[in-house]
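The values are calculated or read from the model by the stated rules, or taken from the named source; none is laboratory data. Everything numeric in this text was worked out from a predicted model, so none of it was measured. Reconstructed Cβ throughout: ideal geometry from the backbone, glycine too, with neighbour counts over all protein chains shown. Each accessible area value is taken on the protein alone, full model and side chains, heavy atoms only, with ligands, DNA and RNA left out. Shrake-Rupley method; radii C 1.70, N 1.55, O 1.52, S 1.80 Å.
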Amino acid sequence: MNASTIRGQQQVATQQSLFNQMGGSLHSFLLKPRTVPVPRWISPQHYTVTLSEVCGHASFILVAVSYAMDDFLELRIIAVAGSAAMLFFTYFHPHGRVLWLPFKWNLLFIAINSYRIGNVYAKRLQAEKLPAELMKIRDDHFYVLDPVDFYKLVHLGRRETFKPGDLVVAQGNMNRFIRLVVDGELKVLRDGYSTYSLEEGNFVSEAGLHAGLLLPGGVESCCTIVAAETTHTLCWDRTELMDFLRREKATRSALKAALSWDIVRKLKWQRGMLAEHKIENPEQWTQKRNEQNFHRYASILQNMLYHPQYLRERKKELTKYRMVHHIDDEHHRMALKACGWTPEEFEVGYKDGQEELDEEDEMKHGLLWRIQDFYLRVFDRAT
């Protein structure tokens with residue numbers, strides 16, 4: 001055995017001895033009985049307690065306090081402190097034996113909560129590094145969204161650039177994307193007739209999302225959209241976005257509020273154009289707008305009829321959409337007829353021989369998707 005090997009073994013032995021001494025000192029320190037100074041007028045008896053028992057009591061108190069926290073991050077931090085205190089109690093137990101079962105479980109709880117806390121701070125840091133134009137969009141139009149939720153929404157989509165005259169979507173084509181105008185301007189055309197424009201902060205092809213309709217897949221476009229100037233957009237796959245919003249309920253609620261304001265802005269813009277006499281033929285413009293509105297509803301209805309289970313679950317949201325956009329019973333029946341359904345079949349939510357995409361969607365959501373969905377629900381939530 002050479003000299004270097006011997007020195008290495010001696011160093012290991014020295015470190016082990018030092019560790020044992022520190023452990024023994026800590027053991028004695030935590031398990032040393034200490035007298036609690038209770039006034040004699042309260043009780044003549046002397047009470048003793050160890051610091052290990054104090055850690056045990058502190059653990060349960062901290063866990064109870066964490067349940068009273070409204071803030072997600074505060075709850076996690078206090079829970080970690082409570083589990084850490086329990087580690088000391090279970091390892092340096094007053095009875096002299098380590099309670100390995102609760103010790104290991106609390107280690108696991110600390111690891112999970114620490115990961116979630118670190119994930120929150122990492123997402124906040126990433127949210128602060130978003131480009132200036134996206135930060136402006138968030139401040140001006142998505143202030144109801146938490147910065148981290150907005151970052152996750154942006155991260156899910158992709159950036160697009162359209163040059164003047166570029167076609168974004170054609171009337172009558174299936175469109176499986178939802179877009180947000182970051183800057184620039186898009187022209188909306190119905191049968192070649194300009195009905196309105198989309199500018200910074202406006203959504204494109206949201207298809208009832210503001211009313212709570214989380215439509216997957218493609219929706220037939222009720223208009224043609226072209227770029228009036230160089231325009232940058234954020235683009236989401238409709239199905240991926242709906243899966244995300246089903247997981248992130250807080251983001252879904254905030255996004256619905258932002259979409260509702262977006263609808264209001266569009267309506268105010270259209271009324272402003274009429275009031276300022278910028279529309280050459282108001283009667284024709286109104287006709288095209290009504291046709292566009294009806295076509296949009298028929299496209300939404302068609303998508304829902306292909307998903308009977310979703311249709312049965314979201315009739316309330318569809319009714320809300322009809323109220324917001326003034327779709328009366330006559331237009332509703334016309335839309336059903338165009339889709340090949342009767343009002344009776346619609347009420348039942350089923351039609352014999354109707355092509356259904358529910359099972360097809362379930363097949364697309366295979367085992368890998370389900371594992372990822374479970375992971376995102378449990379470990380990747382920042383709120």
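Classify segment 218-354: rounded, prolate or oblate, from the alpha-carbon gyration tensor (a ≥ b ≥ c, eigenvalue square roots; a/c under 1.5 rounded; otherwise prolate if a/b is larger than b/c)? Because a/c hits 1.5 or more and a/b fails to exceed b/c, segment 218-354 counts as oblate. Count the net charge of all other residues whose Cβ sits under 9 Å from the Cβ of VAL168, scoring Lys and Arg as +1 and Asp and Glu as -1. Taking every Cβ under 9 Å from that of VAL168, the sum is -1. Panel note: the C-alpha atoms of segment 114-229, placed on their principal axes, show extents of 56, 29, 20 Å (largest first).
Cross-link reach is defined here as a Cα-Cα straight distance under 16 Å, omitting same-chain residues fewer than 8 places apart; for LYS32 the aspartates and glutamates meeting it are GLU53.
Taking a ≥ b ≥ c as the square roots of the eigenvalues of the Cα gyration tensor of segment 231-272, is the shape rounded (a/c under 1.5), prolate (a/b larger than b/c) or oblate? Here segment 231-272 falls in the oblate category.
Apolar share of the accessible surface for segment 157-237: 48 percent from carbon plus sulfur atoms, 1.4 Å probe. Our compactness index for segment 86-161, the C-alpha radius of gyration over the empirical 2.2 N^0.38 Å, is 1.84.
A protection proxy built from the mean count of other Cβ atoms within 10 Å ranks the segments 93-105, 227-239, most packed first, as 227-239, 93-105. Which of rounded, prolate or oblate describes segment 33-126 when judged by the alpha-carbon gyration tensor and an a/c cut-off of 1.5? Here segment 33-126 falls in the oblate category. With R₀ set to 56 Å, the beta-carbon distance separating THR35 from CYS235 gives a calculated FRET efficiency near 0.20.
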